[in-house]
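Every number in this text was worked out from the coordinates using simple rules, so none of it is lab data. Bear in mind that the values here come from a model prediction, so they are computed numbers and not experimental data. Here Cβ is always computed from backbone atoms with ideal geometry, including for glycine, and neighbour counts include all displayed protein chains.
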């Protein structure tokens, strides 16, 4: 086992949204709900995801330093943490764990707007397959090859 794995998993666990740790969720007003939607639609993010969850992407070692089992542990823990922030990741099933790890950690450098309700799904695909972060695993690639 990589000696840093325990610390990394503890850091991810500490990065859960504070709201998710409360036993009873706060009921938001209709005004708050629409304010969240307006912020999201406008792209008016306040900070990067790392600002809110407290994780620094530089603290995640390169994937080569971990076994596949360890990468799976990190990715699963990270996805649970993201769910506490109302975020989900949609990866193609065939995407290798190495790529999942790199893309998951890259989310820390993305602009993020916390919302009190709903869920935001990262799929890493803009629809333009030639520049897609998923590379050969992009779901749109077949469509682009036909054209």
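The fewest-to-most ranking of 102, 68 by surrounding Cβ atoms within 10 Å reads 68, 102.
Each label was represented as a point 7 Å from its Cα along the Cα-to-Cβ direction; for residue 143 and residue 14 these points are 4.3 nm apart.
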